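Student: Below: one structure in structure tokens.
The values are calculated or read from the model by the stated rules, or taken from the named source; none is laboratory data. Keep in mind it's a predicted model, so treat the numbers as computed, not measured. We place every Cβ from the backbone using ideal geometry, glycine too, and count neighbours over all the protein chains shown. Quick note on the areas: whole protein, heavy atoms, side chains included, nothing else; ligands and nucleic acids left out. Shrake-Rupley method; radii C 1.70, N 1.55, O 1.52, S 1.80 Å.
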Amino acid sequence: MAHPSQLGFQDAASPVMEELLHFHDHALMIVFLISTLVLYIIVAMVSTKLTNKYILDSQEIEIIWTVLPAIILILIALPSLRILYLMDEINSPLLTIKAVGHQWYWSYEYTDYEDLGFDAYMIPTQDLTPGQFRLLEADHRMVIPVESPIRVLVSADDVLHSWAVPALGIKMDAVPGRLNQTAFIASRSGIFYGQCSEICGANHSFMPIVVEAVPLEHFENWSSRMLEDA
């Protein structure tokens, strides 16, 4: 959960998000070192009147500042490609959930069950109970088992939406007439919040996403109660 004046990312709740955080730190250190070197060169050039003819015209220097940036780009590109492939990998999901974006709420269908589905609307501010978050709470949460591969099929019924949960490292566009898929594993129990991340209309900021990760036994009890109510 994000908090005021937070500078970094939310705590990772999935293996992919942990990889993304590590890659962010890796790239940030490279950018910091490059920025420091460039700043030093600028200050040195401005503050001294001396010149070196071997630096002004040197084949060796030309080779170094051509090869070095290429090596740096490779050091950034290879981890990035690895994470891209990890994010697209879907291996035998334990559960498949279809999330459909509407103006302006989400509907969820647990496709492995016959009649398990519901709509999730934002809870109005006046109806919030102590401890609930304004603009982020939904009347129905998407409940999933912890430490289990989950596949989410994402689509939209009217306009473009985007199903995004930062702590899980998930952001998938919901396009009318198209079925996109993503997958994740919640590595710990908890409640993870997200919002529609595509400008979808007047109430764009009022269609939150709430994912609740619980132990498998609790998930089975929840699904049994939902089926009985249906």
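Student: Of the residues 198, 212, 220, which single one is touching a Lys or Arg at 6+ places or on another chain (Cβ under 9 Å) and among the acidic types (Asp, Glu)?
Tutor: Numbers: 198 fails: touching a Lys or Arg at 6+ places or on another chain (Cβ under 9 Å); 220 fails: touching a Lys or Arg at 6+ places or on another chain (Cβ under 9 Å).
Result of the check over 198, 212, 220: 212.
Student: How do the helices (runs of 4 or more DSSP H) wholly within the stretch 1-100 filter down when requiring 2 or more residues that are surrounded by 10 or more Cβ atoms within 10 Å (Cβ to Cβ) and not assigned by the TED database to the domain that holds residue 162: which remain? Outline the logic, then answer.
Tutor: Details: elements: 15-47, 53-56, 59-88.
Per the criteria, 15-47, 59-88.
Student: Among the strands (runs of 3 or more DSSP E) confined wholly to the stretch 142-230, which include 2 or more residues that are among the aromatic types (Phe, Trp, Tyr) and touching a strand residue (DSSP E or B) at 6+ places or on another chain (Cβ under 8 Å)?
Tutor: Values: elements: 142-145, 149-156, 161-165, 170-174, 180-185, 190-196, 208-214.
In the stretch 142-230, 190-196 are the strands (runs of 3 or more DSSP E) which contain 2 or more residues that are among the aromatic types (Phe, Trp, Tyr) and touching a strand residue (DSSP E or B) at 6+ places or on another chain (Cβ under 8 Å).
Student: May I ask you to verify whether residue 32 is touching a helix residue (DSSP H, G or I) at 6+ places or on another chain (Cβ under 9 Å) and of a type outside the set (Ser, Thr, Tyr)?
Tutor: Working: touching a helix residue (DSSP H, G or I) at 6+ places or on another chain (Cβ under 9 Å): no; of a type outside the set (Ser, Thr, Tyr): yes.
When the stated conditions are applied, residue 32 does not pass them.
Student: Follow-up question, since we're still on this one. Looking at the stretch 104-124, which of the residues that are closer than 21 Å to residue 193 by Cβ and part of a loop (DSSP other than H, G, I, E, B) is least open to solvent (accessible area, probe 1.4 Å)?
Tutor: 123
Student: How do the pairs read when you match residues in the stretch 110-134 that are farther than 17 Å from residue 205 by Cα with residues anywhere that are open to solvent by 80 Å² or more (accessible area, probe 1.4 Å) and of a type in the set (A, V, I, L, M, F, W, C), using Cβ under 6 Å and keeping only pairs 6 or more apart or on different chains?
Tutor: That search, which allows pairs on different chains as well, returns 115/230.
Student: Taking the criterion of being under 18 Å from residue 205 (Cβ atoms) and open to solvent by less than 50 Å² (accessible area, probe 1.4 Å), would at least one residue in the stretch 137-145 satisfy it?
Tutor: Step one: list which residues in the stretch 137-145 are under 18 Å from residue 205 (Cβ atoms), which gives 137-139.
Within this subset, residues satisfying the condition of being open to solvent by less than 50 Å² (accessible area, probe 1.4 Å) are 137-138.
Yes.
Student: Of all residues in the stretch 190-230, count the ones that are more than 14 Å from residue 138 (Cβ to Cβ), open to solvent by 50 Å² or more (accessible area, probe 1.4 Å) and of a type outside the set (Asp, Glu).
Tutor: Of all residues in the stretch 190-230, those more than 14 Å from residue 138 (Cβ to Cβ) come to 190, 197-202, 204, 213-230.
Now restrict to residues that are open to solvent by 50 Å² or more (accessible area, probe 1.4 Å): 197-199, 202, 215-218, 220-221, 224-225, 227-230.
When the remaining residues are screened for being of a type outside the set (Asp, Glu), the result is 197, 199, 202, 215-216, 218, 221, 224-225, 227, 230.
So the count comes out to 11.
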